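K.L.:
Sharing a structure below in structure tokens format, with a few things to ask.
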Amino acid sequence: MNDIIDGWIHGELPGPKGPIEVIRSPREDMRPWSRLAKNPPNVCLHTTEGGPDLGERYKTWEFPPNFACGDFKVVQLFPLGFSSKAVDTKDPFLLQIEMAWRVADKPVVHVYLPDPSTLFPTVALVAFLHTRGLITTGLKRPNPDWPVALDRGPQARDDYYRRNDGTWPKHGVYGHVEMPDDEHWDPGSFDYPRFFELVREVIEEGDLTPEQEKSLKRMTTFLETLTEELGSQNEGERARAGDDDDDLATPASAARRVARMILKSEQP
């Protein structure tokens, strides 16, 4: 169960593999907090560039976001309806999420999702905010023509084309790399399509009965095993094609989708 009290999230959020803890850590040193100029706001994703562990660095970040995700938890730093201080000029129009991850060690075009310790709380948070109508995502990118992999570099410049092509302030999920007047390129080539898929799965699970949830788990386990056995036959071919180890839980995700389809088709 969860609730919003005075702008702060209380309770746990449903996540891809179970409940996600929410910690409230108000940035009192940033008072007075400023109300959003756009409500509901667009979403902007960041990476901490400090690795996959969140720790407690969020307590002293010089440019804190609204939320931080890592260590299988969500940390809320500002109440809902108020802006954070993580970009140069667009803070009043954004709900900003900092993910514990580092993209600087990979090529700019490397398409990825972070480890589950960071990914799952981010998915849970966006699913919750979307379901409550607290963000204007539509679970989509603001510009469908932008490739998933960052292109036409260098990106760490304020004249990077995605910042200035007329997309802002359309609704959707942005990266810091696409914020006008900024020079950062995080969160890199984040795999938005797969991320939105995971968010939708969490949202859809909310419409199942307890008995269907049990059936879903059993059916998913069976289909996961079957999918992995079939997929293992193609590992050599995938390796030759240059796929890396960031193919996060694709068999599990596919299995869960199929299991849900079967369960829903059985409803009267």
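K.L.:
I'd like to check something: does segment 161-173 contain any residue that is surrounded by fewer than 22 Cβ atoms within 10 Å (Cβ to Cβ), farther than 24 Å from PRO40 by Cα and not β-branched (Val, Ile, Thr)?
P.N.:
yes
K.L.:
So, one more: Residue check: is ARG102 in contact with a Phe, Trp or Tyr (Cβ under 6 Å, 6 or more places away or on another chain), assigned to a loop (DSSP other than H, G, I, E, B) and surrounded by fewer than 23 Cβ atoms within 10 Å (Cβ to Cβ)?
P.N.:
In short, no.
K.L.:
Can you confirm whether PRO114 is surrounded by fewer than 19 Cβ atoms within 10 Å (Cβ to Cβ) and either β-branched (Val, Ile, Thr) or part of a loop (DSSP other than H, G, I, E, B) (or both)?
P.N.:
Values: surrounded by fewer than 19 Cβ atoms within 10 Å (Cβ to Cβ): no; either β-branched (Val, Ile, Thr) or part of a loop (DSSP other than H, G, I, E, B) (or both): yes.
Criteria not met by PRO114.
K.L.:
Right, ARG57: under 26 Å from ASP115 (Cβ atoms) and at pLDDT below 95 or not? Walk me through it before giving the result.
P.N.:
Details: under 26 Å from ASP115 (Cβ atoms): yes; at pLDDT below 95: yes.
For ARG57, the condition - under 26 Å from ASP115 (Cβ atoms) and at pLDDT below 95 - is met.
K.L.:
Do we find that PRO107 is without any contact (Cβ under 8 Å) to a residue 60 or more places away in the chain, out of contact with any helix residue (DSSP H, G or I) (no Cβ under 9 Å at 6 or more places or on another chain), within 27 Å of GLU197 (Cβ to Cβ) and not in a helix (DSSP H, G or I) in this structure?
P.N.:
Numbers: without any contact (Cβ under 8 Å) to a residue 60 or more places away in the chain: yes; out of contact with any helix residue (DSSP H, G or I) (no Cβ under 9 Å at 6 or more places or on another chain): yes; within 27 Å of GLU197 (Cβ to Cβ): yes; not in a helix (DSSP H, G or I): yes.
Yes.
K.L.:
Further question: If only one of GLU205, GLU197 is at pLDDT below 95 and touching a helix residue (DSSP H, G or I) at 6+ places or on another chain (Cβ under 8 Å), which one is it?
P.N.:
Numbers: GLU197 fails: at pLDDT below 95.
GLU205 is the lone residue from the list that is at pLDDT below 95 and touching a helix residue (DSSP H, G or I) at 6+ places or on another chain (Cβ under 8 Å).
K.L.:
Residue under question is ARG152, and the condition is that it be free of Cβ contacts under 8 Å to residues at least 60 places away in the same chain and surrounded by 13 or more Cβ atoms within 10 Å (Cβ to Cβ); does it hold?
P.N.:
On the way: free of Cβ contacts under 8 Å to residues at least 60 places away in the same chain: yes; surrounded by 13 or more Cβ atoms within 10 Å (Cβ to Cβ): no.
Here the answer is no, as ARG152 does not meet what is asked.
The values are calculated or read from the model by the stated rules, or taken from the named source; none is laboratory data. Only a predicted model underlies this, so the values are computations on that prediction, with no experimental measurement involved. Glycine also receives a Cβ, built like all others from the backbone with ideal geometry; neighbour counts cover every protein chain displayed.
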